[in-house]
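The values are calculated or read from the model by the stated rules, or taken from the named source; none is laboratory data. Model, not experiment: these values are computed from the prediction. Don't worry about glycine lacking a Cβ; one is built from the backbone with ideal geometry, like all the others, and counts go over all protein chains shown. In case anyone asks, the SASA skips ligands and DNA or RNA and just uses the protein heavy atoms, side chains included. Shrake-Rupley method; radii C 1.70, N 1.55, O 1.52, S 1.80 Å.
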Amino acid sequence: MNRSQLLDAAEIFGTPMYAYDLDAIRDRLEMLKGLFEGRFGVSYAIKANPNLDLMRALLPGLTTFDASSWGEVARAQTAGMPADRITFSGPAKRPREINKALNAGIGELVLESIEEARFVSDAAQKIGRTQPVLLRINPLRVPRGFGASMAGTASQFGVDEEDMALGLEKLMCFEGLNLIGFHIYSGTNSRDPQAITDNFAIFADIFRKAQKITGIAPRRLVFGSGFGISYLPDEDELDHAALPALINPIIDELKAENSFANTRCSLELGRWLVGPYGWLLTGVISQKRSRGVEIRSCDAGFNNHLAACGMMGSVIRRNWIIDNISNPQGQVASYMLTGPLCTTIDRLALNLELPQVRPGDVISVASSGAYGLTASPTRFISHPEPREVVWDSGRWRDATERQMNTWDAEICP
């Protein structure tokens, strides 16, 4: 996506705005499938970006949608995915959500605890259903090289690896459940091919142990990919072309075993698919100089992009890949970019070198296709929510949704 195209979107739709390149996202999905030559299906984690137009663009290339709430299940159905190709995962599933998912004929329900398994079993038996389930397992370790780790510590996700045997023995006694496989997601946002490979080897060993305990021939194994993207100017991209030579032997060895010969392996991923092909576009509203600092106030702040402002788990605040797309040839200076909120913590960037920034210019924040709009507190101070627009088949189209979630409806309106 070039500067001219982004400026056209800002001119047509105004700022603040999220822009997504659906053509590039489709290409990335096809490239991913080609890398592994059929060894993996692809499950898209809706939480990364639940925009319906984006989900519809991905749907033809997916095995499943992974939903983490009833609202996301409903969105997946609205996007066109049959209920039996939706996986429902995540902690703290409300009883009402579970009942709605069971009645909808959800394809797979990922169990995060034995207590949840007991409730699902009872609820399924009440409606005469045997629910296909996956057990999520929380490993003891994850290799270095991941942005966030969920292994080796107390976690709301899954059954701890060291408790897996007892947990599986209990689960196998629940008559309302049909255990069809296992799920692991233990590390996120890695740009290190070897770390990802080592993690997949850990997964495969745990899957073997779980199979031996249960004696089942798993129908599905979910490999939480952890594939990362670059957010900062000095970060290298993940060398995804290096992954097949490292990962394919792990899958081939697993599938060579009789118990796994008919197993469908799935990559669960979100940010890697959509993150690089989204931009937040924000307009510069005003300028001032304060105690030697050039400040430019924009119409988007942490209310629109919490992650770019360093408020989604960042230990050290660092500037994302940010450009002045209105004036790329201007004289470079150092700026503080702030948002429109009445708090001093509303800062998009500090000490950022940019070509001259003037009121009326449009600033782009790259790598914003995942965990952008819907991971941000858009209601804070009641500024207008950003529009969402998509580049689709060579043109811009408005894909804005004002009602981002649903509870009572069977599917989204």
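Scanning the stretch 278-324 for residues that are within 17 Å of residue 342 (Cα to Cα) and touching a Leu at 6+ places or on another chain (Cβ under 9 Å) yields 284, 295, 296, 297, 298, 300, 301, 302, 303, 304, 305, 309. So in the stretch 205-220, with the set limited to residues that are buried (at least 21 other Cβ atoms within 10 Å of the Cβ) and hydrophobic (A, V, I, L, M, F, W, C), which one is farthest from residue 36 (Cα to Cα)? Looking at residues that are buried (at least 21 other Cβ atoms within 10 Å of the Cβ) and hydrophobic (A, V, I, L, M, F, W, C), I get 210. Filtering 291, 264 for residues that are on the phi > 0 side of the Ramachandran plot, modelled with pLDDT of 95 or more and either open to solvent by 50 Å² or more (accessible area, probe 1.4 Å) or touching a Pro at 6+ places or on another chain (Cβ under 6 Å) (or both) leaves a single hit, 291.
Per this entry, residue 149 is counted among residues that are open to solvent by 20 Å² or more (accessible area, probe 1.4 Å) and either out of contact with any helix residue (DSSP H, G or I) (no Cβ under 9 Å at 6 or more places or on another chain) or hydroxyl-bearing (Ser, Thr, Tyr) (or both). Would you point out the residue of the stretch 370-391, among those that are within 18 Å of the chain's Cα centre (by Cα) and part of a loop (DSSP other than H, G, I, E, B), that is farthest from residue 309 (Cα to Cα)? Residue satisfying both the conditions and the ranking: 370.
Evaluate the following for residue 284: is it closer than 24 Å to residue 2 by Cα, assigned to a loop (DSSP other than H, G, I, E, B), over 21 Å from the mean Cα position of the chain (by Cα) and in contact (Cβ under 8 Å) with a residue 60 or more places away in the chain? In short, no. State all residues of the stretch 302-360 that are more than 22 Å from residue 231 (Cβ to Cβ) and either in contact (Cβ under 8 Å) with a residue 60 or more places away in the chain or buried (at least 21 other Cβ atoms within 10 Å of the Cβ) (or both); if no residue qualifies, say none. Hits for the stretch 302-360 are 326, 358, 359, 360. With respect to the conditions (1) buried (at least 21 other Cβ atoms within 10 Å of the Cβ); (2) in a helix (DSSP H, G or I); (3) of a type outside the set (Phe, Trp, Tyr), residue 250 lacks only one, and its number is (1). Exactly one residue out of 201, 195 is open to solvent by less than 30 Å² (accessible area, probe 1.4 Å) and not aromatic (Phe, Trp, Tyr), and it is 195. Of all residues in the stretch 223-260, those being modelled with pLDDT under 95 and over 24 Å from the mean Cα position of the chain (by Cα) number 0.
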